[in-house]
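Written out below as structure tokens is the structure these notes cover.
The values are calculated or read from the model by the stated rules, or taken from the named source; none is laboratory data. None of the values given here were measured: they were computed from a predicted structure. Every residue, glycine among them, receives a Cβ derived from its backbone with ideal geometry; neighbour counts consider all protein chains shown. Surface areas here come from the heavy atoms of the whole protein model, side chains and all, with no ligands, DNA or RNA. Shrake-Rupley method; radii C 1.70, N 1.55, O 1.52, S 1.80 Å.
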Amino acid sequence: MPESRGPSITSPSEADLAARANDLADRIAPKVIQWRREIHANPELACHEHQTSAMVAEHLRSIGLDEVRTGLGGGTGVIGVLRGSEPGPVIALRADLDALPIREETGLPFASTVTAPWGDIDVPVMHACGHDAHTAMLMGAAEVLGCLREDIKGTILFIFQPAEEGPPPGWQGPHGAKLMIAEGALSNPKPDAMFGIHVVGGRPPGTAGDIHYHVGAGGYAMRQFKIIIEGKGGHASMPWRTVDPLVIGAQILLGLQTIISRRTDVYQNQATLSIGSFRGGDKFNVIPDFAVMEGALRVTQADSLPEMERLLSATVEGIAGSGGAIGRVVWGHYDPQLINDVELCSIAAASFGRAVNAGGKVIVAPPFALDDFSQFSHHVPSLFFTIDVPPEPGQNVISGDHHTSTFFVNESALVVGVRAFVQLSLDTLKNLPGTKESPDTVDHGAG
Ligand SMILES: [Zn+2]
Ligand SMILES: [Zn+2]
């Protein structure tokens with residue numbers, strides 16, 4: 001296990017740089033809020049984040065980054081590259097771009113009224129997970145770090161990733177973080193450390209601007225799946241002449257619940273199994289031939305997945321067979337458990353301390369559920385942290401959970417995210433192994 005490197009600031013000039021960075025972040029905060037509102041009012045679904053991506057690329061070019069790569073991750077991913085005044089380590093900061101098929105009901109002046117195609121239907125679109133805030137905060141961090149280029153020894157990648165929430169219906173192959181990695185996001189140059197952020201709304205444990213992170217591996221690993229139930233359709237008035245895939249599907253949906261409640265050791269494995277989509281049939285008096293369910297299995301004990309997948313398949317096939325139908329499971333995308341690197345956590349404690357508001361808290365907390373940032377964390381030493389964004393006490397707004405129509409972000413916390421990205425960058429560039437060598441001996445594209 002790597003040793004702790006202790007507090008990051010060791011000289012007056014470093015303290016001065018950290019203070020200047022925070023000052024720049026504070027001054028840019030109103031712009032970050034404006035960007036967030038603009039993105040919020042114009043949300044785009046996974047793999048369709050064209051406007052958002054263009055806005056990000058335009059911003060990265062306008063602040064004079066050395067390189068802005070576009071068209072990544074299925075077409076909408078963006079990577080900006082900032083090279084400091086001297087060579088050094090490479091770090092990457094990541095935000096996600098996509099919104100969700102949810103109708104917004106926050107009543108905010110910049111609430112979304114957007115609809116967009118999703119598969120073969122039109123759906124309302126909303127930033128109901130805070131990815132608008134992540135993108136705006138990273139745009140702000142890029143601008144601040146761009147202003148500090150003279151003080152930066154190393155390279156910073158700003159990675160804006162599409163499709164964190166999963167791809168659109170019919171999408172083939174990898175998506176999101178996995179696709180960005182497959183395309184080489186982590187190879188030119190390879191980062192020595194990587195950071196990602198998520199806001200936490202609804203009823204978070206802290207107050208607005210508090211930072212949480214966990215140390216080591218934690219949270220869920222997730223396997224997505226689709227269940228196809230093949231029955232035999234017919235007239236709804238004569239169900240005995242059909243094999244009704246909807247009734248059998250309903251039995252399967254309930255039967256699956258016993259995998260967690262009766263067959264999982266919940267002391268060892270905090271698992272969940274949820275179905276988010278159950279489709280079949282087009283008319284009240286026609287029993288359809290097929291029903292399809294989609295869902296995800298999430299486990300905190302990653303090596304339990306093979307056995308849980310076996311149980312899920314057996315339950316689907318058994319219940320379908322008992323009703324005369326054929327049930328099968330198609331296994332889909334896998335996200336591994338997030339690993340927060342122990343050494344980065346020890347560096348970050350000081351960075352976070354300088355990022356929070358006066359009186360704000362930095363909390364080593366239970367793991368965040370899951371974000372596909374976990375894919376990066378299996379390739380590069382990484383740290384994923386969260387910022388609480390509940391309303392102020394007494395503020396008269398409904399603050400729904402993530403992925404609901406009333407999800408709310410307290411924008412006063414966004415500056416904390418900008419500061420955190422910036423302070424983490426400065427501290428990591430300074431503290432990572434190899435950076436104490438003279439510039440002549442440092443490999444610019446380390447690793
Ligand atoms: Zn989400
Ligand atoms: Zn999210």
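Here are a few things to note about the model shown:
- Overall, the accessible surface of the range 221-335 at a probe of 1.4 angstrom is composed of carbon and sulfur to the extent of 55 percent.
- Surface accessible to a 1.4 Å probe, per residue, for the residues of the range 1-124, Å²: 47 Å²
- Global geometry of the chain, whether rounded, prolate or oblate, following the gyration tensor of its Cα atoms and the 1.5 cut on a/c: prolate
- Estimated [θ] at 222 nm from DSSP helical runs (n ≥ 4, -39500 (n - 2.57)) normalised by residues in the chain, nearest 500: -10500 deg cm²/dmol
- Other residues lying with their Cβ under 12 Å from the Cβ of Ser13 contribute a combined charge of -1, Lys and Arg counting +1, Asp and Glu -1.
- What the range 297-412 shows is 41 Å² of accessible area per residue, with the surface traced by a 1.4 Å probe over protein heavy atoms.
- Links that overshoot a 31 Å alpha carbon limit, given the list Lys226/Lys361; Lys190/Lys226; Lys31/Lys430: Lys226/Lys361; Lys190/Lys226
- Rounded to the nearest 0.05, the FRET efficiency derived from the C-beta distance between Glu230 and Asn357 at R0 = 51 Å is 0.35.
- All other residues whose Cβ lies under 9 angstrom from that of Pro204 are scored, Lys and Arg at +1 and Asp and Glu at -1, for a net of -1.
- 15 Å beta-carbon shell around Asn22, net charge (K/R +1, D/E -1): -3
- Highest-fluctuation residue, Trp35, Trp240, Trp171 considered, GNM on the chain with Cα pairs under 10 Å: Trp240
- For Gly154, the residues 5 or more places off, or on other chains, whose built amide H falls under 5 Å of its own are Gly84, Ser85, Glu86, Gly88.
- Gaussian network model of the chain, springs between alpha carbon atoms under 10 Å - residue of Pro336, Pro162, Pro109 with greatest fluctuation: Pro109
- Of the residues Arg419, Arg36, Arg310, the one that moves most in a GNM of the chain with alpha-carbon contacts below 10 Å is Arg310.
- Coil-residue GluC sites (Glu not before Pro) of the range 286-390, DSSP, other Cβ within 10 Å capped at 14: none
- Tilt relative to the chain, helix 131-147 - C-alpha long axis, 0 to 90 degrees, to 10: 20 degrees
- Summing Cβ point charges (Lys, Arg +1; Asp, Glu -1) relative to the Cα centre of the range 221-335 gives a dipole of roughly 220 debye.
- In terms of overall dimensions, the range 221-335 has a Cα radius of gyration and Dmax of 15.1, 48 angstrom.
- Charge dipole (the range 66-145, unit charges on Cβ, about Cα centre) - positive-most of Thr70, Leu108, Leu82: Leu82
- Farthest positive-ward along the range 221-335 dipole, Cα basis, beta-carbon charges - from Met308, Leu246, Phe278: Leu246
- Carbon plus sulfur fraction of accessible area for the range 355-427, probe 1.4 Å, in percent: 57 percent
- Overall shape: oblate for the range 156-218, with the ratio a/c of the largest to smallest alpha carbon gyration tensor axis at 1.5 or above and b/c at least equal to a/b.
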